[in-house]
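Have a look at the structure below before the remarks.
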Amino acid sequence: MARTRNLFASCGLAAACLGLAACEPSPRLPAEAPVMQADGVTHAGADQNGGAVTLQADGVLRVELETIPTAGYIWEVVSQPAFLELVDEATRPTDPEFQNQEGVTGGNHFMAFDFQAVAAGTGRIEMVEHRPWEENVQPSGTWHIDVTAQAAP
């Protein structure tokens, strides 16, 4: 997670100095089934908070959640089961057509976390949205999903 913290710490500090305020979190929607994409990756987002997903061994679950890294807020994995390995992290703008224009800074982004099932098992991924440098402050958001990885047939 140090890589994520380093990537967003400087953005967050600059945003804090500019006096940017965090947006209110979006309302929680009912948990819906995660979606399997053609690339074989199962996707879960804000709608799956509190839900469950089943993967095959070697399957990948991509958790993608919206946040405001330019205001210092990032999602961080608090706990994950031992049978899941965090294999990749990435970000992308929520509105790339606008946010990629010259001179535009800031805005909401999606943070993506790819977990690969390296064994069979059942457990929970728990994440928090917060400013990593703030101590004794409640997270601005929490997210979790129960994951079952089935052995290959």
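The values are calculated or read from the model by the stated rules, or taken from the named source; none is laboratory data. This structure is a prediction, so every number in the text was calculated from the model and none was measured. We place every Cβ from the backbone using ideal geometry, glycine too, and count neighbours over all the protein chains shown.
When ARG62, ARG92 are screened for being modelled with pLDDT under 90 and of a type in the set (Lys, Arg), only ARG92 passes. Looking across the stretch 111-153, just one residue is free of Cβ contacts under 8 Å to residues at least 12 places away in the same chain and crowded, with 16+ Cβ neighbours inside 10 Å, and that is PRO139. Picking from residues in the stretch 97-110 that are outside any loop (DSSP other than H, G, I, E, B) and surrounded by 11 or more Cβ atoms within 10 Å (Cβ to Cβ), the one that is modelled with the lowest pLDDT is GLN99.
On the given criteria, is HIS144 modelled with pLDDT under 95 and not polar (S, T, N, Q)? No: the conditions fail for HIS144. Considering only residues that are acidic (Asp, Glu) and touching a residue at least 12 places away in the same chain (Cβ under 8 Å), which ones fall in the stretch 69-110? Passing the criteria: GLU76, GLU85, ASP88, GLU89, ASP95.
Collect the residues in the stretch 29-43 that are at pLDDT 90 or above and surrounded by fewer than 18 Cβ atoms within 10 Å (Cβ to Cβ), keeping them in residue-number order. Hits for the stretch 29-43 are VAL41, HIS43. Among residues of the stretch 43-70 being touching a His at 6+ places or on another chain (Cβ under 9 Å) and of a type in the set (Val, Ile, Thr), the one that is farthest from VAL104 (Cα to Cα) is VAL63. So is ALA46 at pLDDT below 90 and under 13 Å from the mean Cα position of the chain (by Cα) or not? Taking the combined requirement at face value, the residue does not satisfy it. Considering only the stretch 91-106, I want to know if a residue exists there that is at negative phi, of a type outside the set (Ser, Thr, Tyr) and touching a Pro at 6+ places or on another chain (Cβ under 7 Å). The answer is yes, given that some residue of the stretch 91-106 is at negative phi, of a type outside the set (Ser, Thr, Tyr) and touching a Pro at 6+ places or on another chain (Cβ under 7 Å). Per the listing SER26, SER10, the residue uniquely loosely packed, with under 15 Cβ neighbours inside 10 Å, modelled with pLDDT under 85 and under 18 Å from PRO139 (Cβ atoms) is SER26. Test VAL137 against the stated conditions and say whether it is assigned to a loop (DSSP other than H, G, I, E, B), among the β-branched types (Val, Ile, Thr) and touching a strand residue (DSSP E or B) at 6+ places or on another chain (Cβ under 8 Å). Yes; evaluated as a whole, the condition is true for this residue.
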